[in-house]
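The next block holds one structure in the form of structure tokens; read it before the comments.
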There are 2 protein chains.
Amino acid sequence: MEINPSGFYEILSPRCAVLISTVDKEGKTNAAPFSFVTPVSSNPALVLYASAPQRHTLANTRETGDFVLNIAPEGLLDKLWVCSKAFPKGVSEIEKAGLTERKSKKVKAPSIEECVGWIECQLEFEKEAGDHILVVGRVVYADCRDEFMVKNEFNVSKAKPVMHIRGRRFVVAERVVQAKGE
Amino acid sequence: MEINPSGFYEILSPRCAVLISTVDKEGKTNAAPFSFVTPVSSNPALVLYASAPQRHTLANTRETGDFVLNIAPEGLLDKLWVCSKAFPKGVSEIEKAGLTERKSKKVKAPSIEECVGWIECQLEFEKEAGDHILVVGRVVYADCRDEFMVKNEFNVSKAKPVMHIRGRRFVVAERVVQAKGE
């Protein structure tokens, strides 16, 4: 069945639904879910998120030069949904959603306590791509709750990270399988 | 637990593990799994994959100007793993893995018959990012097996797409949940 190209991301799914937390130059914090997100380089460690031009996350990233990717588990889905709403700039979605912010290790943007992992990034460069802006950040600190990291492996079955399909539809990642063969 | 930044993508996971199929200027086809992949724009419809500079997928994309993202279901995991091996340029991983190639609708790169969805793309631009190259393509045709699309919604529970964590570890996406609230 042919799919309208503008909706092609329906089948390029589910995608990691991370909460991106930022702070503006007045110190007002923000968090919003993004799923157009991917690692792009290992050394240096670089990550990319694509943002619509009007998003506060992008404005804050430009103002203060950093952001945090917070890995959200299943239990935070409804709070993540609250964070997707359009609040006026300066209103903290973190507070509105009943989430807790805490100081990050190496960046000005806060981290969200209730998440299972945190990737702190400094803005490296941006580039326009269609109706979005590619924002590439350098990972300066990455952290995961001890209980979900076993021998340097992320325990997805236990962490149950939230993935996005489209609209309200998400997937909980949990069934881990191993590729066989050489 | 602090994570070495170069391994940060362990927790930015699982990520869609798509097979990218391409063809070189001599007509030799290729397929390789990638998980540093994301939609980046809706209108125009743009998708991005990040490639190490030496990958044949990148060379072929440059030579012939297009590529196809093939959405792989659980049943193809071991074949996808075969496609991840380093065969000499000109050897078709599609054949080595026992997969079937078929003509695409709008691009020169082939599509892989056994997959559940296909996103045909033409190279739009590329940009260096650390040790990888960002390759941005315009979606010119997107298609999904009828049985996995119901009322314009991708039935993830039935399609069971494969997601990558790291190394041999993958996740099968299947449990769909809905966000509650306004």
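The values are calculated or read from the model by the stated rules, or taken from the named source; none is laboratory data. Just so it is clear, the structure is predicted and the values come from calculations on it, not from any experiment. Neighbour counts are summed over all protein chains in view; Cβ atoms, including those assigned to glycine, are modelled from backbone coordinates with ideal geometry. These accessible areas exclude ligands, DNA and RNA; they are computed on the full protein's heavy atoms, side chains included. Shrake-Rupley method; radii C 1.70, N 1.55, O 1.52, S 1.80 Å.
For A:ARG168, the distances from its label point to the matching points in the remaining copies are 4.2 nm, ordered from shortest, with each point set 7 Å beyond Cα toward Cβ. Placing a label point 7 Å from Cα along the Cα-to-Cβ axis, B:LEU123 is separated from the same position in the other copies by 3.0 nm, shortest listed first. Take every Cα pair under 8 Å whose residues are at least 6 apart in sequence, average their separation, divide by the length of segment B:115-156, and the relative contact order is 39 percent. What is the distance in Å between the Cα centroid of segment A:59-92 and that of segment A:117-182? Result: 15 Å between the Cα centres. Where chain A is rotated onto chain B, the residue of A whose Cβ comes nearest the axis, and that gap in whole Å, is A:THR38, 2.
For B:ARG102, the point set 7 Å out from Cα toward Cβ sits 5.2 nm from its twins in the other copies, listed from shortest up.
Compute the Cα gyration tensor for segment A:35-154, then decide on rounded, prolate or oblate, letting a ≥ b ≥ c be the square roots of its eigenvalues: rounded whenever a/c is under 1.5, prolate when a/b is larger than b/c in the other cases, and oblate in all that remain. Note, shape of segment A:35-154 comes out oblate. Working from Cα pairs under 8 Å separated by at least six residues, relative contact order for segment B:20-65 is 41 percent.
Using a probe of 1.4 angstrom and keeping all protein chains present, the accessible surface of the protein assembly as shown works out to 39 square angstrom per residue. Entry note, chain B: relative contact order of 24 percent, from Cα contacts under 8 Å with a spacing of 6+ residues. Were the residues from B:VAL150 through B:MET1 laid out at 0.36 nm apart, the gain over their Cα-Cα distance would be 49.4 nm. Per the accessible-area calculation with a 1.4 Å probe, the total area buried between chain B and chain A rounds to 7200 Å². For segment B:1-90, pairs of C-alpha atoms spaced more than 14 angstrom apart make up 69 percent of the total. The magnitude of the dipole of the protein assembly as shown, with charges of +1 and -1 set on the Cβ of Lys/Arg and Asp/Glu and taken from the Cα centre, is near 200 debye. Solvent-accessible area of segment A:33-182 (1.4 angstrom probe, protein heavy atoms only): carbon and sulfur portion equals 48 percent.
Applying a DSSP loop filter and a limit of 10 other Cβ atoms within 10 Å to the GluC sites (Glu not before Pro) in segment A:1-48 leaves A:GLU26.
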